[in-house]
1. Just checking, does region 147-155 include any residue being under 18 Å from the mean Cα position of the chain (by Cα), over 25 Å from residue 52 (Cα atoms) and in contact (Cβ under 8 Å) with a residue 40 or more places away in the chain?
2. Can you name the residue in region 161-170 that is touching a strand residue (DSSP E or B) at 6+ places or on another chain (Cβ under 6 Å) and either crowded, with 19+ Cβ neighbours inside 10 Å or not in a strand (DSSP E or B) (or both) and is also modelled with the lowest pLDDT among such residues?
3. Look at region 46-64 and say how many of its residues are in contact with a strand residue (DSSP E or B) (Cβ under 6 Å, 6 or more places away or on another chain) and over 26 Å from residue 143 (Cα atoms).
4. Give all pairs with beta carbons closer than 7 Å in which a residue from region 108-135 that is on the phi < 0 side of the Ramachandran plot and modelled with pLDDT under 70 meets a residue that is surrounded by 13 or more Cβ atoms within 10 Å (Cβ to Cβ) and not in a strand (DSSP E or B); count only pairs at least 6 apart in sequence or on separate chains.
5. Could you tell me whether region 51-63 includes any residue that is modelled with pLDDT of 95 or more, surrounded by 15 or more Cβ atoms within 10 Å (Cβ to Cβ), more than 17 Å from residue 198 (Cα to Cα) and touching a helix residue (DSSP H, G or I) at 6+ places or on another chain (Cβ under 8 Å)?
6. Only residues in region 16-32 that are within 18 Å of residue 63 (Cα to Cα) count as the first member; pair them with residues that are assigned to a loop (DSSP other than H, G, I, E, B) and modelled with pLDDT of 55 or more, Cβ under 8 angstrom, at least 6 apart or cross-chain, and list the lot.
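The values are calculated or read from the model by the stated rules, or taken from the named source; none is laboratory data. Source: prediction; values computed, not measured. Glycine also receives a Cβ, built like all others from the backbone with ideal geometry; neighbour counts cover every protein chain displayed.
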């Protein structure tokens with residue numbers, strides 16, 4: 001579960017800053033508009049089944065997209081705070097037999113203190129493999145070290161940049177990106193320890 005928490009933290013920084021490492025980023029989305037799926041079963045609030053202090057929620061946006069939020073409990077009173085810096089526009093699609101979420105920073109034009117800073121960053125896309133059934137959901141992230149090694153060995157042939165030996169930014173088209181994801185979707189070693197969630201609302 002901490003792997004998913006770490007992924008979210010890295011994605012928040014990396015997707016907006018192109019600064020940190022340990023996940024794979026893309027300049028282009030994983031989906032084309034025709035690929036997007038609506039899944040009402042995902043809507044609502046989900047709690048992790050490990051420590052119970054992490055939450056994700058799905059809200060409906062326009063054009064078959066979701067507002068995906070990551071939250072965590074903080075403070076001795078167990079108050080749950082919503083960190084808007086971990087809000088994403090999410091697109092759900094199916095590649096082969098598996099479902100994936102494309103995550104892109106969601107930031108409203110409210111001119112608060114972070115708005116102008118955000119405008120100087122380059123947002124990128126990142127991805128989660130997702131499974132759900134009834135009131136249970138599982139999220140998978142790529143195992144960064146293994147994927148980085150495959151890139152370095154030229155065993156993954158897709159346009160990308162390996163920057164400062166720290167992080168991978170895929171520059172290929174959406175079509176090429178989908179082919180890449182399809183190739184590794186069934187490879188258990190390509191993914192890190194999953195995060196398990198239960199629906200609570």
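1. The answer is yes, given that some residue of region 147-155 is under 18 Å from the mean Cα position of the chain (by Cα), over 25 Å from residue 52 (Cα atoms) and in contact (Cβ under 8 Å) with a residue 40 or more places away in the chain.
2. The selected residue is 168.
3. Total satisfying the criteria: 2.
4. Listed pairs, sorted by first residue: 118/16; 118/107.
5. Scanning region 51-63, I find no residue that is modelled with pLDDT of 95 or more, surrounded by 15 or more Cβ atoms within 10 Å (Cβ to Cβ), more than 17 Å from residue 198 (Cα to Cα) and touching a helix residue (DSSP H, G or I) at 6+ places or on another chain (Cβ under 8 Å), so the answer is no.
6. These pairs meet every condition: 28/171; 28/172; 28/173.
Matching residues to (1) over 18 Å from residue 141 (Cα atoms); (2) modelled with pLDDT under 85:
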| residue | (1), (2) |
| --- | --- |
| 12 | no, yes |
| 22 | no, yes |
| 39 | yes, no |
| 80 | yes, yes |
| 101 | no, no |
